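The values are calculated or read from the model by the stated rules, or taken from the named source; none is laboratory data. Computed from a prediction, not measured in an experiment: that's the story for all the values here. A quick note on method: Cβ atoms are made from the backbone with ideal geometry, for glycine too, and the neighbour counts reach across all protein chains shown.
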């Protein structure tokens, strides 16, 4: 007695059923998507104030960030007042622009203090970052 299944094996398959192969590919894809680790870049959380009349700045700036706790960061590194003043002296020699990113809850006095230090050192291009 010859069954159809045995006859296919003896004479070869006429076509390959790819449905199980596609299922396996999708399972592998899901497995790799779930097990891959995503790199989260550390940063400083700053809630910028909103402004209606803000403009987009198209050139590269040196960033001075002021957090909600009034801690100053220069290009992502925590700095003291003296260190900030020395770094700003170097920036003024290179004639670069400063972008102050101050948190909404940062004290206005701290922002004005840094702004005044920049102007005192001869930095003429000072910008404040806002959300539109």
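Just one of (1) surrounded by 15 or more Cβ atoms within 10 Å (Cβ to Cβ); (2) within 16 Å of residue 132 (Cα to Cα) fails for residue 62. It is (2).
Can you name the residue in the range 52-71 that is under 21 Å from residue 113 (Cα atoms) and either touching a strand residue (DSSP E or B) at 6+ places or on another chain (Cβ under 8 Å) or not assigned by TED's automatic domain parsing to the domain that holds residue 97 (or both) and, of all such residues, is modelled with the lowest pLDDT?
Residues of the range 52-71 under 21 Å from residue 113 (Cα atoms): 61-71.
Filter once more, so that each one left must be either touching a strand residue (DSSP E or B) at 6+ places or on another chain (Cβ under 8 Å) or not assigned by TED's automatic domain parsing to the domain that holds residue 97 (or both): 61-67, 71.
On the way: 61: 78, 62: 85, 63: 88, 64: 90, 65: 90, 66: 92, 67: 90, 71: 90.
My answer is 61.
Please go through the range 93-116 and pick out each residue that is assigned to a helix (DSSP H, G or I), touching a helix residue (DSSP H, G or I) at 6+ places or on another chain (Cβ under 9 Å) and buried (at least 17 other Cβ atoms within 10 Å of the Cβ). Result: 114, single match.
The set of residues from the range 67-82 being surrounded by fewer than 12 Cβ atoms within 10 Å (Cβ to Cβ) and part of a strand (DSSP E or B) comprises just one member, 77.
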